[in-house]
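> Quick one: the structure is below, questions incoming.
Rule-based calculations on the coordinates, nothing more; no lab input. Remember, it's a predicted structure, so these values are computed and weren't measured experimentally. We place every Cβ from the backbone using ideal geometry, glycine too, and count neighbours over all the protein chains shown.
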Amino acid sequence: MGNSIPETMMALQLTGVGMDTVELREVEVPRPEADQVLCRVECAAACASDSKIIDQGPEHSLMHGWDPAKWPVTLGHEGCVTPVEVGRNWQDVIEVGRRYAVQPAVPSAPSRYRERYANGGRGIRKIAVGYTLPGLFAEYVIIEPEVIGCSCLLPLPEGDIPHFAAALSEPISCVVAAQQHSFHIIKDSPETPRRAELGMLRGGTTLVLGAGPMGLWHVEIAMSYEPANLIVSEPNDARRETARRFFGERARAAGINLVLTTPDELESVIADLTGGRGVDDCIVALGIRPIQEKSFDYLGEGGVTNLFGGVKADDHMISVDARRIHYESISVVGSSGSDPSDIIETLDMVASGRIQPGNYVSAVGGLDAARDLLQAVREQRMEGKGIIYPSVRKPLEEIDGWSAEQEKKILGG
Ligand SMILES: NC(=O)c1ccc[n+]([C@@H]2O[C@H](COP(=O)([O-])OP(=O)(O)OC[C@H]3O[C@@H](n4cnc5c(N)ncnc54)[C@H](O)[C@@H]3O)[C@@H](O)[C@H]2O)c1
């Protein structure tokens, strides 16, 4: 092995089901085979979705029956990596020393360990980094051939994008992708044919339910569609305040009427703002089944609800008023994850300064703080995103925004 690559490393692994089975373990640094690439993990971010694999283990839809009690998995699916050793097959494709963003959702069947999956892996069409593919809360990670073959290891564009911004391009790209799943059928005049427009209705009323980190990004991306009204409903006072701080001034400057409210007040706010009509777009940025169901009630004619948060496998059936679909053309869409194109679009937005991911960082730490970070996310103690630097050992520190300079400092630069 090359001089600078150690024999062993620390990795945050799930070794069963539940938070008690999440632990930082010393494991071997694997050597890449011909079709693999070994990368150093520059940083990794935590996501509310990490709780789902921790709580569901083999039952999680991306685990396909793989049991972490038998085959521990390294967690972490949002990150920025640098190849340090490239297998023979990828020598002309992947550059040692260049930085890459990871698109964790890989539209492929697994090539390795098929016996670990239910039915020997038959019928699997999507696998993911941080699930059955090695994850990013580790000092090093093996990138499997499916990831590279599906264009899910994406070189950063020219410029000086900090590691944390590259890592956050993944969750932001899920929001970009999700909003492009909403569509409206537009008629420019009674005589012209219908056409479909992707995204939030321009000049309409958009509602975001939940102002967690993902809800905040939904607000940011929704603003690019220039709705007349943008309503954010969130019960947590501190989170509403964060949304006001982030977007109040910008919305005013863009001529968007931003209204922050609570679930209790929401119906009367919508009635007042839309003259009783209802909203054109609703984004459900949380994973609670009754709220998904309720979201249809907020829609006006032609309105679209977008189920962004996933719900539990045993609590996922909702009822929809079929008369409203028929007579009022309301509809529902949803998406999970993003495509490489969404990451590329997001990285371009970051590189050009249109999105500043540093605003959303509210905690940083070394790899020894990764478990605490996941716990804080589970308890909704985080106002924004948490970033882990695997090469560093440092407790979790709460912060109010993060920058390239601060990142250099924590990395000892
Ligand atoms: N579709 C995707 O590609 C994708 C990607 C990443 C995350 N997600 C999912 O998005 C969801 C949101 O992620 P997050 O990190 O922001 O989660 P989070 O749990 O931090 O935030 C959810 C917010 O919803 C609020 N809330 C609770 N009840 C509410 C109500 N009745 N009305 C309005 N708000 C309410 C909570 O107070 C909280 O602030 C999660 O379910 C996550 O798994 C989806």
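> Out of all DSSP beta bridges with both ends in the stretch 79-237, state the antiparallel percent to the nearest 5.
For the stretch 79-237, the DSSP antiparallel bridge percentage is about 65.
> Would you mind checking the stretch 189-214 for residues with the amide N under 14 Å from a putative spin-label position 7 Å along Cα→C-beta of residue 257?
Correct set: 203-207.
> Can you check what the Kirkwood hydrodynamic radius comes to for the stretch 182-334, Cα pairs only, in Å to one decimal?
With all distinct Cα pairs of the stretch 182-334 included, I get 15.7 Å.
> Right, something else. Can you work out the FRET efficiency for the pair residue 245 and residue 95, with r the C-beta to C-beta distance and R0 = 51 Å, to the nearest 0.05?
Working: r = 40 Å, r/R0 = 0.78.
Taking R0 as 51 Å, the efficiency between residue 245 and residue 95 is 0.80.
> Most exposed first by the Cβ proxy, i.e. fewest other Cβ within 10 Å, how do 362, 169, 4, 352 rank?
Least to most surrounded, the residues fall as 4, 352, 362, 169.
> Another question, then. Can you tell me, using C-alpha contacts under 8 Å and at least 6 residues apart, the relative contact order of the stretch 59-141 as a whole percent?
42 percent
> Could you work out [θ]222 nm for the chain from helices alone, using -39500 (n - 2.57) per DSSP H run of at least four and dividing by all its residues? Round to the nearest 500 deg cm²/dmol.
On the way: 11 runs with 112 residues, N = 413.
Value at 222 nm, helices only, nearest 500: -8000 deg cm²/dmol.
> Next question, about the same structure. What order do you get for 326, 64 when you list them from fewest to most C-beta neighbours inside 10 Å? List each step's numbers first, then the result.
Numbers: 326 9, 64 21.
Lowest count first: 326, 64.
> Taking neighbour Cβ counts within 10 Å as the exposure measure, how do 66, 217 sort from fewest upward? Before the final figure, lay out each step's value.
On the way: 66 21, 217 26.
Starting with the residue having the fewest Cβ neighbours, the order is 66, 217.
> Residue by residue through the stretch 144-151, which ³J(HN,Hα) values in whole Hz follow from phi under the Karplus form 6.51 cos²θ - 1.76 cosθ + 1.60 (θ = phi - 60°), with glycine and proline marked x?
With the stated coefficients, the stretch 144-151 comes to 7, x, 4, 5, 6, x, 9, 6 Hz.
> Something else now. Using +1 at the Cβ of each Lys and Arg and -1 at the Cβ of each Asp and Glu in the stretch 256-385, identify which of 271, 377, 296 lies farthest towards the dipole's positive end.
The residue sitting farthest along the positive end of the dipole is 377.
> Can I ask one more? Please report the net charge: other residues with Cβ closer than 15 Å to the Cβ of residue 314, K and R +1, D and E -1. Intermediate results must be reported in sequence, preceding the final value.
Working: positive: 52, 289, 312; negative: 55, 59, 315.
Combined, the nearby Lys, Arg, Asp and Glu give 0.
> Ok, one more. Summing Lys, Arg as +1 and Asp, Glu as -1, what charge do residues with Cβ under 9 Å from the Cβ of residue 104 carry, residue 104 excluded?
So the environment of residue 104 carries a net charge of -2.
> Still on this structure: With bins 20 Å wide starting at 0, give me the P(r) of the chain over every alpha carbon pair, in whole percents.
27, 56, 17, 0
> Would you mind pulling out the separation of the Cα centroids of the stretch 249-288 and the stretch 157-174, in Å?
Using only Cα atoms to place each centre, the spacing works out to 29 Å.
> Report the GluC sites (Glu not before Pro) located in the stretch 323-413 that are in a DSSP loop and have at most 11 other Cβ atoms inside 10 Å of their Cβ, or state none.
Taking the stretch 323-413 and a limit of 11 other Cβ atoms within 10 Å, the loop GluC sites (Glu not before Pro) found are 379.
> Once label points are set 7 Å from the Cα along Cα→Cβ at both residue 391 and residue 31, what is their separation, rounded to one decimal in nm?
2.4 nm
> Gain in length, residue 314 to residue 356, computed as 0.36 nm per residue apart minus the alpha-carbon separation, to one decimal in nm?
11.4 nm
> Sticking with this one: How high is the relative contact order of the stretch 182-334, in percent, with contacts defined as C-alpha pairs under 8 Å that are six or more residues apart?
Result for the stretch 182-334 is 21 percent.
> Separate question: Just going by the charge dipole of the stretch 182-334, with Lys and Arg at +1 and Asp and Glu at -1 on Cβ, which of 332, 183, 311 is farthest out on the positive end?
My answer, from the dipole projection, is 183.
> Roughly speaking, what is the centre-to-centre gap between the stretch 117-147 and the stretch 81-101 when only Cα atoms are used, to the nearest Å?
First find each Cα centre; the distance between them is then 18 Å.
> Let me know the charge dipole size of the chain about its Cα centre in debye, to the nearest 20, where only the beta-carbon of Lys, Arg (+1) and Asp, Glu (-1) is charged. Before the final figure, lay out the partial values.
Working: 39 positive and 58 negative charges, 84 e Å.
So the magnitude is around 400 debye.
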